[in-house]
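Below is one structure; the comments refer to it alone.
The values are calculated or read from the model by the stated rules, or taken from the named source; none is laboratory data. What you are looking at is a predicted structure, and each value in this text was computed from that prediction instead of being measured. Note that each Cβ is placed from the backbone with ideal geometry, even for glycine, and that neighbours are counted across all protein chains shown.
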Amino acid sequence: MTTITEFIVDKKNLGQTRTVERNVSSLNNGEVLAKVDRFALTANNVTYGVVGERIGYWKFFPVEKDDEGIIPVWGFADIIESNHPKVPVGDRLYGYWPMASHLVMAPTRISEHRMFDGAAHRADLPPVYNSYSRVKAEPGYDDAFDDDRMVLFPLYATSFCLYDFLKDNNWFGASQVVIPSASSKTAIGTAYAINNDANAPKLVGLTSPRSKNTVQALDLYDSVLTYDDIASIDSDKPSVIIDMSGNGSILNALHKALGDNMKYTSNVGATHYEENSMGPDFIRDRSQMFFAPGHIQKRTKDWGPGIFEQKALAFWKEAALKTRNWLTIKRETGPTAVEAAWQDVYQGKTPPNAAWVVSF
């Protein structure tokens, strides 16, 4: 018998949490038990909770009470029990896990490098979240990058998607890209990707006064402005906005300042979840929520299976090395540490140059 520890949140108040334990006595045929080694916590996970009902994030790891849920996280786990002939004990997986100590899985579509969780309740959910890398079979796998991968790959994969999406749409005719929350890790990853393209538009980073020097020191943006400087943005340039915050007042001010030259807004995150009501100048018909799994599915059709993953992984490895120059990863263990890290991230107290990796 195995005792599973789960970290559960109130769907309407993500800061209201509890830790519960339940027992798993045996596995069904075709099932395996994965012990979650450790996982990352970033603002990305807050977004999963904020838009959980709309996008379906609560469906991955369901709980008994409808008003509660488990936040999905990215991390590593090891197979400690197996009732499946193709997935041995000791297999190590990278992918999408619950904030929990273990997960019972039903492996399917198993290949040398990858497997999917075929649990019935996950069948209609985006494939990218049901796919797990069998990392011991990956060419060049280096466990020294495990923490970097947990923290950065989900964010930088979205960054690469954003860059590829905008390029695929000819930047919507823009000559400048404006990125609010320019200190966020997904924003920085997007800036890395855009900087790799000599033909990309100029980059304008928007951030808070306290983060301005930090963002400037990254040397990724052609100009860095504070939110108080929005009116000084060159409104004569056709512009695309990549919004990482969901802050309605900032978006409203940007749309008002740019007017007809606001060609497109890609709404990515919901970091400022308490301020996401949009004002009267927000241009809804040229704004759209960005869903990275949808873009990945498009590219899979365009390029064939596995090609997007290869491109994204190559970009991530290059960007991760650069990120080590400024990012500190904090590692903690135990239910109390998980709770503390979650509250730190949820309340916006984790500085941009830090990240959490935790485990039960």
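Annotation note: of 280, 293, the sole residue that is more than 23 Å from residue 195 (Cβ to Cβ) and touching a residue at least 40 places away in the same chain (Cβ under 8 Å) is 293.
Scanning segment 27-74 for residues that are farther than 22 Å from residue 115 by Cα and part of a helix (DSSP H, G or I) gives 43, 44, 45, 46, 47, 48, 49, 50, 52, 53, 54, 55.
Looking only at segment 208-223, residues that are hydroxyl-bearing (Ser, Thr, Tyr) and crowded, with 18+ Cβ neighbours inside 10 Å come to 2 in all. When segment 129-178 is limited to residues that are among the hydroxyl-bearing types (Ser, Thr, Tyr) and part of a loop (DSSP other than H, G, I, E, B), the one that is farthest from residue 296 (Cα to Cα) turns out to be 175.
Does any residue of segment 82-99 turn out to be in contact with a His (Cβ under 8 Å, 6 or more places away or on another chain) and of a type in the set (D, E, K, R)? Show your work before the answer.
Going through segment 82-99, the residues in contact with a His (Cβ under 8 Å, 6 or more places away or on another chain) turn out to be none.
Scanning segment 82-99, I find no residue that is in contact with a His (Cβ under 8 Å, 6 or more places away or on another chain) and of a type in the set (D, E, K, R), so the answer is no.
Filtered by the rule that a residue be closer than 20 Å to residue 313 by Cβ and assigned to a strand (DSSP E or B), segment 92-118 gives 92, 93, 94, 95, 96, 97, 114, 115, 116.
The rows are residues; the columns are (1) more than 21 Å from the chain's Cα centre (by Cα); (2) surrounded by fewer than 24 Cβ atoms within 10 Å (Cβ to Cβ); (3) in the same structural domain as residue 244 (by TED's automatic domain parsing).
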| residue | (1), (2), (3) |
| --- | --- |
| 147 | no, yes, no |
| 158 | no, no, yes |
| 162 | no, no, yes |
| 170 | yes, yes, yes |
| 177 | no, no, yes |
| 183 | no, yes, yes |
| 190 | no, no, yes |
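The rows are residues; the columns are (1) in contact with a Phe, Trp or Tyr (Cβ under 9 Å, 6 or more places away or on another chain); (2) among the acidic types (Asp, Glu); (3) in contact (Cβ under 8 Å) with a residue 60 or more places away in the chain.
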position	(1), (2), (3)
94	yes, no, no
99	yes, no, yes
105	yes, no, yes
122	yes, no, yes
126	yes, no, yes
137	no, no, no
144	no, no, no
187	no, no, no
198	no, no, no
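Of all residues in segment 214-246, those satisfying the criterion of being of a type in the set (Ser, Thr, Tyr), part of a helix (DSSP H, G or I) and touching a Ser or Thr at 6+ places or on another chain (Cβ under 8 Å) are 214, 227. Going by the conditions given, is residue 75 of a type outside the set (A, V, I, L, M) and in contact with a Gly (Cβ under 9 Å, 6 or more places away or on another chain)? Criteria met by residue 75. Considering only segment 331-354, state which residues are modelled with pLDDT of 95 or more and assigned to a strand (DSSP E or B). Within segment 331-354, 331, 332, 333 meet the criteria. Residue check: residue 85 meets all listed conditions (1) over 22 Å from residue 291 (Cα atoms); (2) part of a strand (DSSP E or B); (3) out of contact with any helix residue (DSSP H, G or I) (no Cβ under 7 Å at 6 or more places or on another chain) but one, namely (2). Count of segment 155-181 residues, restricted to those that are modelled with pLDDT under 95 and closer than 20 Å to residue 233 by Cα, is 2. Being in the same structural domain as residue 287 (by TED's automatic domain parsing) and within 21 Å of the chain's Cα centre (by Cα) is a description that does not apply to residue 128. With the structure loaded, tell me whether residue 53 is acidic (Asp, Glu) and either surrounded by 14 or more Cβ atoms within 10 Å (Cβ to Cβ) or at pLDDT 95 or above (or both) or whether it fails that test. Against the criterion (acidic (Asp, Glu) and either surrounded by 14 or more Cβ atoms within 10 Å (Cβ to Cβ) or at pLDDT 95 or above (or both)), residue 53 does not qualify. The condition of being of a type in the set (Ser, Thr, Tyr) and loosely packed, with under 15 Cβ neighbours inside 10 Å holds for only one of 300, 323, 336, 350, that being 336. Filtering segment 136-152 to residues that are touching a strand residue (DSSP E or B) at 6+ places or on another chain (Cβ under 7 Å) and within 22 Å of residue 323 (Cα to Cα) leaves 146, 147, 149, 150, 151. Screening the candidates 162, 152 for the property of being touching a Lys or Arg at 6+ places or on another chain (Cβ under 9 Å) and of a type in the set (A, V, I, L, M) yields one hit, 152.
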